[in-house]
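Structure record follows, encoded as structure tokens.
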Amino acid sequence: MLNPFSSLSRHYRRLLVYPLLSVFMAVSLVVATPQVSQGIPLFEIFLRGIQIIQLSSISDNQEVQLGKQINQQLVRREIRLNRNEQINRYVEQIGEQLAKVSERTEIPYTFQVVDNDSVNAFATMGGFVYVNTGLIKEADNEAELASVMAHEIAHIVGRHALNQMKQMAIANGVAAVAGLDRNVAIQLGVELALRRPNSRKDELEADRIGLENLTQAGYAPYGMVSFMEKLLKSGGSVPEFLSTHPATPQRINALEQAINPNTAYVGDGLDEIAYQNQIRPLLRK
Ligand code: ZN
């Protein structure tokens, strides 16, 4: 027969070891996360850890509020909006058509036209999408323009800007960005929207989600490929939209594989004359 005391003591030992283990693990997690910054008191590191968690669990409502403030800053200091009514109505209508069948319909979307001749589009958190007049003019048809907008919406669906902000905060040891220091968060958001390229992984995801969105909204899926190919072939300087969006040939490849050749040209938005009529105010300039 086994000694009942030995099994009892084993039992107690186990009871003691588990809580101790979990305390060790919790402490090493807290210390390990912001290890990039040296010489910071443990208490502060602990606080920073908490703030990073807050940024990653931000609610839709908080994200929209933050997006609004980033947008305000962009419009006030960084970009000039195009105010032509016909163009704005047209871009909004395309955007709404896409947004309502996107994978994230719980937040409002805002589509704005930027008066800038470079071929570019970008987005920030909380539903804000921007398209340059240069890109609208470069597109041959509505499906091509819609494909870029669907790609930008997909960055919002995938919460890419939020994740980038979180990573930057950790890498720079400025984790106070994580929701508490609102001004730093807004500046970081402006920087991300205008000057920081997305990762290759985020780009491929945005293409994939965007292509689905484009097709769901009734557009011919090939618009996404034809626009990228056009920009690649145009030679000369690489358009901004592609230079900040890396690995274009691979992206085209991935898209071509994702599109069923039988239905590539099935859908709306391929009429070039109709498109030119819609964007005429820009062509007159
Ligand atoms: Zn992108």
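Of note:
- Matching entry among ASP117, ASP140, ASP181 (being open to solvent by 10 Å² or more (accessible area, probe 1.4 Å) and touching a Ser or Thr at 6+ places or on another chain (Cβ under 7 Å)): ASP117
- Which numbered condition ALA161 fails, given (1) surrounded by fewer than 24 Cβ atoms within 10 Å (Cβ to Cβ); (2) modelled with pLDDT under 95: (1)
- So GLN112, is it away from the ligand (no atom under 16 Å from the Cβ) and outside any loop (DSSP other than H, G, I, E, B): yes
- Search result, residues across segment 109-126 that are farther than 17 Å from ASP207 by Cα and either modelled with pLDDT under 95 or not hydroxyl-bearing (Ser, Thr, Tyr) (or both): PHE111, GLN112, VAL113, VAL114, ASP115, ASN116, ASP117, SER118, VAL119, MET125, GLY126
- Check on GLU205, acidic (Asp, Glu) and closer than 18 Å to ARG251 by Cα: yes
- Entirely in segment 116-204, the helices (runs of 4 or more DSSP H) that have 2 or more residues that are within 11 Å of the ligand (Cβ to nearest atom) and in contact (Cβ under 8 Å) with a residue 60 or more places away in the chain: 142-157
- The residues of segment 216-239 that are part of a helix (DSSP H, G or I) and either in contact with a Pro (Cβ under 9 Å, 6 or more places away or on another chain) or at pLDDT 85 or above (or both), listed by number, are GLN216, TYR222, GLY223, MET224, VAL225, SER226, PHE227, MET228, GLU229, LYS230, LEU231, LEU232.
- For segment 79-104, residues that are touching a helix residue (DSSP H, G or I) at 6+ places or on another chain (Cβ under 9 Å) and open to solvent by 80 Å² or more (accessible area, probe 1.4 Å) total 2.
- Criterion violated by ASN213 - all others in (1) away from the ligand (no atom under 16 Å from the Cβ); (2) in a helix (DSSP H, G or I); (3) at pLDDT 95 or above satisfied: (1)
- Filter pass, VAL174 being modelled with pLDDT of 95 or more and either acidic (Asp, Glu) or open to solvent by 10 Å² or more (accessible area, probe 1.4 Å) (or both): no
The values are calculated or read from the model by the stated rules, or taken from the named source; none is laboratory data. Treat the numbers as computed from the prediction; the structure is a model and nothing was measured. Here the Cβ is made from the backbone with ideal geometry for all residues, glycine too, and neighbour counts use every protein chain on show. Accessible surface areas use protein heavy atoms only, side chains included; no ligands, DNA or RNA. Shrake-Rupley method; radii C 1.70, N 1.55, O 1.52, S 1.80 Å.
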